[in-house]
1. Checking the condition crowded, with 23+ Cβ neighbours inside 10 Å and among the acidic types (Asp, Glu), which residue from ASP33, ASP28, ASP48 passes?
2. Out of segment 102-131, which residues are at pLDDT below 90 and either in contact with a Gly (Cβ under 9 Å, 6 or more places away or on another chain) or of a type in the set (Asp, Glu) (or both)?
3. Looking at the structure I just gave you, is VAL131 buried (at least 24 other Cβ atoms within 10 Å of the Cβ), closer than 17 Å to PHE9 by Cβ and among the β-branched types (Val, Ile, Thr)?
4. Just the residues that are in contact with a Ser or Thr (Cβ under 7 Å, 6 or more places away or on another chain) and of a type in the set (A, V, I, L, M, F, W, C), please, taken from segment 1-44.
5. Helices (runs of 4 or more DSSP H) wholly in segment 386-484 with at least 3 residues that are in contact (Cβ under 8 Å) with a residue 40 or more places away in the chain - which ones?
6. Within segment 151-159, is even one residue out of contact with any Pro (no Cβ under 7 Å at 6 or more places or on another chain), under 30 Å from LEU342 (Cβ atoms) and surrounded by fewer than 23 Cβ atoms within 10 Å (Cβ to Cβ)?
7. For the list (1) over 27 Å from GLY157 (Cβ atoms); (2) free of Cβ contacts under 8 Å to residues at least 24 places away in the same chain; (3) more than 23 Å from the chain's Cα centre (by Cα), I need the number of the one condition that GLY216 fails.
Amino acid sequence: MLVATALFFGGLTFLFSFAPLSRPAVLDPATWDLMSLGLLEGRIPYRDVFLHKTPGGALLGAMGATLLPRLPGLGLTAFEGAHALFIILGATGPALLFLICRRHQRLVVAMSAALLMVAFDQWPTASLEGVRPKVATTVFGLAALLAAGGGRAFTAGLAAGLSAMCWQPGLCYLGGAAWELLGRGPRAGTGRPLWSLLAGAAVAPGATAIWLWSAGAAAEFIDQAIIFNLSYIDWHARSPAGTTTQLLRLARSWNHTELWLAPAALAGLVTGTRGRGPGPLTVAGILYLAMSFVSLQAWPDTIMFAPFVAAGLALGLARLITACAGHLAPERLVANSTATGLAALILLSALLAATPKAVRMRTPVSFDEQAAFISELEDGLGKDDPVLVIGFPEFSIHTGRHSLWPWPYMWFGVDRFVAERAEGGFSGMLERLEEADPPLIIVARKWSGPLRRRFHDWARNRYRLKERFFYPHTKRPLRIYQRR
């Protein structure tokens, strides 16, 4: 436990070295930041704002925004409190992975796994960017595997349920925990641990269902978090070959040293698996990989690979070192050669963790600079003037103005989905927007397709259009429509 505590505080120090609380709001995490802050105002996901994931990330962000600013001496804002909680979660993940690996592996292997999780650049990047549900999904999932390894079935189920409430694929950890509980312990092979696991797993979804039902959002939850995702898979599903290609493309953005080490680690895993069954972490990783072949979008979907890749690299390289020492060194030197190789593995892991490569871990502008830019966009608006903001939640975070439409983004088929359900279809949506007559409309990021073209054709006759580039909108400009 002492080493795990040191890893936690070391990870926390590492993450805070990037001055994360002065970072601007960015892209997808900014949407979750906005939802977290909206909960403090009484806005309910699904009822008041469209959300295609389970709401655990927003609820955690709201918890951080509520509790951490109250701690004496910190002086945090609600926005900073939400971010600080996810930084804490980012430091917790590697410590939990260490404890899981330490149950059955040498200290060196467990420490190396934790360090390599930090070196997996997607993990610290996601932890720094704000309210990232996939970070919480992973941390609760690892907690579930750790509890299952200790025979605490109900606790494991509770953590797995919380994981799935942050993002639906967190169910992969429920599978890993079930594998652990049914395969080990005095009641291995019996159903009793499984029933306790399932009872625990039902707590968070049950509480969420009661909350949403009492808030009048249960039907909207089913429509958006379940039916929409089924529609999305139907519209955007890739072939297995296409998913493999996408996964390999995304892997190229990982730390290149880790990619070079992967074949050697795989060789070590293969040579050292005789007579061994897969562990719970392996089972959870296989289940998540299978889920990825149902729907794999962009780099954030690789965040949850962090513990699986890190543990695989650490264990595979350690086994390879041990095997090579046994074959190449004289018998009397095997122990020394193995110890030297494992020490080198720890040093390599620490070096990789200390030298991140992801450019997104640092931002070229601060939160205050972003606020100044957005203040320019808001200039000239009256206090109660309505606005429409799509794909640019940063505007609402800084100004407190809520968009006329409850859909914070319109890509990935969201526009088609909502138009099918809107009174009068997309034409009716535009008619009601015309009645509201917002003096400012901002459209950012990925919205494209026929409905986007219809929107632009409608807007250009009523608004002056200008384009601005500002971080993180550097590839696609912000399209700013100002009423004529």
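1. That would be ASP33, the only listed residue that is crowded, with 23+ Cβ neighbours inside 10 Å and among the acidic types (Asp, Glu).
2. ARG103, HIS104, ASP121
3. No.
4. PHE8, LEU15, LEU34, LEU40 - these are the residues of segment 1-44 that are in contact with a Ser or Thr (Cβ under 7 Å, 6 or more places away or on another chain) and of a type in the set (A, V, I, L, M, F, W, C).
5. Hits in segment 386-484: 393-399, 414-421.
6. We begin by selecting, within segment 151-159, every residue out of contact with any Pro (no Cβ under 7 Å at 6 or more places or on another chain); these are 151-152, 154-159.
Still in the list and also under 30 Å from LEU342 (Cβ atoms): 151.
Adding the requirement that they be surrounded by fewer than 23 Cβ atoms within 10 Å (Cβ to Cβ) leaves 151.
Looking for residues that are out of contact with any Pro (no Cβ under 7 Å at 6 or more places or on another chain), under 30 Å from LEU342 (Cβ atoms) and surrounded by fewer than 23 Cβ atoms within 10 Å (Cβ to Cβ), one finds at least one in segment 151-159, hence yes.
7. The single condition GLY216 does not satisfy is (2).
To keep it simple, each residue is scored yes or no on (1) touching a residue at least 60 places away in the same chain (Cβ under 8 Å); (2) closer than 22 Å to LEU289 by Cα; (3) surrounded by fewer than 23 Cβ atoms within 10 Å (Cβ to Cβ).
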| site | (1), (2), (3) |
| --- | --- |
| ARG106 | yes, no, yes |
| VAL139 | no, yes, no |
| LEU162 | yes, yes, no |
| LEU181 | no, yes, no |
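The values are calculated or read from the model by the stated rules, or taken from the named source; none is laboratory data. In this text the structure is predicted, and so the values were computed from the model without any measurement. Positions of Cβ are generated from backbone atoms using ideal geometry, with glycine treated the same way; all protein chains shown enter the neighbour counts.
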